[in-house]
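Rule-based calculations on the coordinates, nothing more; no lab input. Given the structure is predicted, the values throughout are model-derived calculations rather than measurements. Positions of Cβ are generated from backbone atoms using ideal geometry, with glycine treated the same way; all protein chains shown enter the neighbour counts.
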Amino acid sequence: MQIYCSLWLVVDISSSFRCGEAAGCGAVGGQSLDEDLRLVERVKANDSVAFDTLVRKYRIRLFSIIYNMTSNRDDAFDLTQEVFIKAYRSIKKFSGKSAFFTWLYRIAINTAITQINKNRLHRFFSLEKIDEESAECHYFEYLVGKEKTERSIFLKELQENLNIALQKLSNKHRAVVVLCEVEGFSSADAAVVLKCSEGTVRSRLHYAKEQLKFHLHDYLR
């Protein structure tokens, strides 16, 4: 089966996000988990329709996670497709011992971290472009919309500053914030995705929140 036949479903991610398709992020219910396992078994049997269904179900959530990790919409779009390719190629290794969505989100987090490290290396060798790249960034543009009211302007500024502060965290602390605070994961689910204990998740989250408060101090006071 040509796995690329399913990736057209990812194309309109940003417009779907604007229309509210991202609602319902976070942990997946029991009935949905059972459905995922059935779909995975069908994918293992080369059922392309089942894979299309999984892409539709998780494309917006993956885009959200990767965007909040990388702060780059183009990277998030490309990496979302890359995650689905990786998932398809390795899906026969999925044993079902954990929920499918935690397995898929782990691939997304690791793929995003790899891209972040590549970008850092690139910027190290292209220091003269940093100011130019920074000037062209428009964080959370698709979430804020085009309203010109004072409230929308304030929210845009807050989102921009929060996202900038988020990018100052280490990869492991950013990941736990994105999963728990942005995507609504429980400590238990985040621990499965990140392959660490719940205590570690809570500890990282507490530290990350303190760091965010520090970075946003001047803006919020």
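Tabulated values for the structure
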| read-out | value |
| --- | --- |
| Ascending count of other beta-carbon atoms within 10 Å, so fewest first, for K57, K93, K209 | K93, K209, K57 |
| Residue exposure sequence - C180, C196 - by fewest surrounding Cβ within 10 Å | C196, C180 |
| Too-long pairs where the Cα-Cα distance tops 18 Å, listed order kept, from K118/K172; K118/K168; K97/K172; K168/K213; K97/K195 | K97/K172 |
| Over 15 Å [Cα-Cα, segment 58-105], rounded percent | 44 |
| Protection proxy ranking of 173-179, 73-79 - average other beta-carbon atoms within 10 Å, highest first | 173-179, 73-79 |
| Likely footprinting exposure, R38, R59, R202, fewest C-beta neighbours within 10 Å first | R38, R202, R59 |
| Residue-by-residue Karplus 3J(HN,Hα) for segment 174-187, coefficients 6.51, -1.76, 1.60, Hz, glycine and proline x | 5, 4, 6, 5, 4, 5, 7, 9, 8, 8, x, 6, 6, 4 |
| Gain on full stretching of the segment that runs from E41 to N117 - 0.36 nm per residue minus C-alpha separation | 24.0 nm |
